[in-house]
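The values are calculated or read from the model by the stated rules, or taken from the named source; none is laboratory data. Bear in mind the structure is a predicted one, so any value in this text is a computation, not a measurement. Cβ coordinates were reconstructed from backbone atoms using ideal geometry, including for glycine residues, and neighbour counts include every protein chain displayed.
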Amino acid sequence: MTAKPPVVWPIYKLFDQFERYVAAYLLIHNYYAWREGQGPSPTLAALQKVTPSSARQTAGFVAALKAGRFLESTVEPAGGRGKPLKPAAVMVEEIGRSGRLFVSALDEIETWRPAWAIALTDVDRLGVLLQRSAAFVLGDGTLIHPFQRVLHFAGRDCGYPLLTAIIGAHYAATVKECPQAVPLSLRALAARFQVSRAHVGNLLDEARQANWFVIEAGSLIHLENDLLVEFENWACWQMLHYGEIAATLEQPATPA
């Protein structure tokens, strides 16, 4: 989750905020449900009916997606009332990145072979994973709301990736053979997540005041255990959720 952005456009700032992420997630749901014959045409009007944002905010977000070329051109069907919104591959990959990585973690824990996460490198298979995940959320509610501190960070621009960087730094310092942590200086975090240093500083100050974690001189010197446990429980829920859906997907044929 802390990897460098795949494109120059501020993709992390665009998608890594809860309401914008949900709008993109539901746009992908609508497109793949329609493609599979399970839903209406994925128009702007259809998206506005299911997103928690206002109709105006959703329209503005879709305009930003078009400007960033995160939507592919489509032809309005005969007799239709709007062009279908088709997510570009880079958008599906970014919105599905967290789910794919949770499946990858489950692959390692359960030593599943062939690994299910490998199948999710196919963008349409990843899109179907997201569609089925979103169908669950639309019917049963989100998985994130029981985890209020995780939700707090997810609600801020790039707050969730920053939280994963903090958790990663803790593991790097305490778990053998754990990957090296990303640098935690204001400059490094701002560059990595495509936001301002002032914004990163505000997030770190909020965390310090709440005694969730403390960064000094680019190093993690305190992480509240309750926050760590909450994040780990959240991660377990995500692995189970996406793992169960991945198990329903058609897996690619194994070479003879």
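Please count how many residues of the stretch 216-243 are more than 30 Å from Leu126 (Cβ to Cβ), out of contact with any strand residue (DSSP E or B) (no Cβ under 7 Å at 6 or more places or on another chain) and surrounded by 16 or more Cβ atoms within 10 Å (Cβ to Cβ).
Total satisfying the criteria: 0.
Just to be sure I understand, how many residues within the stretch 88-122 are in contact with a Pro (Cβ under 9 Å, 6 or more places away or on another chain) and of a type in the set (A, V, I, L, M)?
Total satisfying the criteria: 4.
Show the residue pairs that are 6+ apart or on different chains and have beta-carbon atoms under 9 Å apart, the first residue being within the stretch 159-183 and under 16 Å from His199 (Cα atoms), the second being in a helix (DSSP H, G or I) and among the hydroxyl-bearing types (Ser, Thr, Tyr).
Tyr160/Tyr21; Tyr160/Ser98; Pro161/Tyr12
Could we say that Gln17 is within 25 Å of His145 (Cα to Cα), surrounded by fewer than 21 Cβ atoms within 10 Å (Cβ to Cβ) and in contact with a Ser or Thr (Cβ under 8 Å, 6 or more places away or on another chain) here?
Numbers: within 25 Å of His145 (Cα to Cα): yes; surrounded by fewer than 21 Cβ atoms within 10 Å (Cβ to Cβ): yes; in contact with a Ser or Thr (Cβ under 8 Å, 6 or more places away or on another chain): no.
Here the answer is no, as Gln17 does not meet what is asked.
Can Pro42 be described as surrounded by 21 or more Cβ atoms within 10 Å (Cβ to Cβ), part of a loop (DSSP other than H, G, I, E, B) and not small (Gly, Ala, Ser)?
Details: surrounded by 21 or more Cβ atoms within 10 Å (Cβ to Cβ): yes; part of a loop (DSSP other than H, G, I, E, B): yes; not small (Gly, Ala, Ser): yes.
Answer is yes for this residue.
In the stretch 104-153, which residues are more than 21 Å from Arg35 (Cα to Cα), in a helix (DSSP H, G or I) and at pLDDT 95 or above?
First, the residues of the stretch 104-153 that are more than 21 Å from Arg35 (Cα to Cα): 104-118, 140-153.
Pick out the ones that are also in a helix (DSSP H, G or I) and you get 104-110, 116-118, 140, 148-153.
Those that are more than 21 Å from Arg35 (Cα to Cα), in a helix (DSSP H, G or I) and at pLDDT 95 or above: Gln148, Arg149, Val150, Leu151, His152, Phe153.
Condition check ((1) touching a residue at least 60 places away in the same chain (Cβ under 8 Å); (2) touching a Gly at 6+ places or on another chain (Cβ under 9 Å); (3) closer than 27 Å to Ala207 by Cα; (4) not acidic (Asp, Glu)) across all residues:
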{"residue": "Gly82", "(1), (2), (3), (4)": "no, no, no, yes"}
{"residue": "Lys86", "(1), (2), (3), (4)": "no, no, no, yes"}
{"residue": "Glu108", "(1), (2), (3), (4)": "no, no, no, no"}
{"residue": "Arg125", "(1), (2), (3), (4)": "yes, no, no, yes"}
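Which residue out of Leu130, Leu151 is in contact with a helix residue (DSSP H, G or I) (Cβ under 9 Å, 6 or more places away or on another chain) and either surrounded by 21 or more Cβ atoms within 10 Å (Cβ to Cβ) or aromatic (Phe, Trp, Tyr) (or both)? Step through it out loud before you land on a result.
Numbers: Leu151 fails: either surrounded by 21 or more Cβ atoms within 10 Å (Cβ to Cβ) or aromatic (Phe, Trp, Tyr) (or both).
That would be Leu130, the only listed residue that is in contact with a helix residue (DSSP H, G or I) (Cβ under 9 Å, 6 or more places away or on another chain) and either surrounded by 21 or more Cβ atoms within 10 Å (Cβ to Cβ) or aromatic (Phe, Trp, Tyr) (or both).
Modelled with pLDDT under 95 and either more than 20 Å from Ala235 (Cα to Cα) or assigned to a loop (DSSP other than H, G, I, E, B) (or both): is that true of Arg81 in this structure?
So Arg81 passes the test.
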